[in-house]
1. Could you look through region 105-130, keep only residues that are among the basic types (Lys, Arg) and either assigned to a helix (DSSP H, G or I) or in contact (Cβ under 8 Å) with a residue 40 or more places away in the chain (or both), and pick out the one that is surrounded by the most Cβ atoms within 10 Å (Cβ to Cβ)?
2. Considering only strands (runs of 3 or more DSSP E) fully contained in region 1-100, which possess at least 1 residues that are polar (S, T, N, Q)?
3. Taking the conditions exactly as written (assigned by TED's automatic domain parsing to the domain that holds Pro157 and of a type in the set (D, E, K, R)), does Asp118 satisfy them or not?
4. Conditions: (1) modelled with pLDDT under 70; (2) exposed (fewer than 11 other Cβ atoms within 10 Å of the Cβ); (3) of a type in the set (A, V, I, L, M). Ala262 meets all but one. Number of the miss?
5. Going by what's in this entry, would Tyr169 be described as farther than 30 Å from Leu21 by Cβ and aromatic (Phe, Trp, Tyr)?
6. For region 153-168, state whether one or more residues are under 30 Å from Val99 (Cβ atoms) and in contact with a Ser or Thr (Cβ under 6 Å, 6 or more places away or on another chain).
7. Applying the selection to region 188-206, what residues are more than 30 Å from the chain's Cα centre (by Cα) and exposed (fewer than 10 other Cβ atoms within 10 Å of the Cβ)?
8. Scan (1) within 25 Å of the chain's Cα centre (by Cα); (2) of a type outside the set (Phe, Trp, Tyr); (3) modelled with pLDDT of 85 or more; (4) farther than 25 Å from Ala251 by Cβ for the single condition Ala228 breaks and write down its number.
Amino acid sequence: MAVRAYWKGSLKLSLVSCPVLLYPASTSSDKTRFHMINKETGNRLKQQMVDAETGDVVENDQKGRGYELKKGEYVEIEKDELDAVQIESNHTIDIDSFVPKDEIDKRYLNHPYYIAPDGKAGIDAFAVIRDAMKDQDRVALARIVLTNREHIIAIEPLGKGLLGTTLRYPYELRDAAEYFDDIKNPKISKDMVELASHILDTKAAHFDPSKFKDEYENALKVLVRRKASGKPLKSAPREEKPDNVVSLMDALKQSLKGRTPAKRSAHAPARRTTRRPAKKVHRSAARARKAG
């Protein structure tokens, strides 16, 4: 069954335009989802909106939108007031500029969409825009209205079609400095860096998303199947994580050899922690024999 187009309009570059269709490039429909149910009847539950102060159920005709000015104080916004400021879609993707692909900060990337020509009428114009971007290795930045909001969308060639990715606005990104400024810069020896580089080389690979395995999703599916068929559930024992501290250099060396580094106590060498108790037991036994 073909997926319905999410958006329909025109892709416009200066005086050149062509009709296009927009399709979501990602989906979460295959993910395992659960519903809230009544455990006694097995029936599905439905949610109701209640007044946070009185606890009374609020009917549909009483619901409205409000912006919180300060804690517990709201200004109500009417639907017609919202409609007045919403941007009306002209169903056109207006290309404003072309930028080098490597200049786009990946943090701005939001939702991906497939852009395909709508019918045969504009296929030539579509191909011209697509192939021109291939030759220049540039990404088009355009504006598009989706769900009454204007978005910036980055458009680039993908196979026979185009990939459009909506971009976040700067106010939607958190400042990295707030999280990274307090990170110290310890002095790391050249040998450690070289060992880490060798480990990276041994794990070098190509990007292959077919190897991505959602272990939790797979476990959920098994759980649902076994529960539905009345089979007993099996729970795998969790691995205990060692608390002991391991020398960073030892860990790097053992990682390069493909082995798990030996565990070592954080406070005292292993020899002392094992020998002292043994001597005490030995002396106690000797004294007991002498007393007897």
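1. Looking at the filtered set, the residue picked out is Arg130.
2. Those strands (runs of 3 or more DSSP E) span 7-13, 16-24, 92-100.
3. yes
4. So the condition that Ala262 fails would be (2).
5. No; evaluated as a whole, the condition is false for this residue.
6. yes
7. Correct list: Lys190 only.
8. Unmet condition: (1).
The values are calculated or read from the model by the stated rules, or taken from the named source; none is laboratory data. Every value quoted in this text rests on a predicted model; they were computed, and no experiment measured them. Every residue, glycine among them, receives a Cβ derived from its backbone with ideal geometry; neighbour counts consider all protein chains shown.
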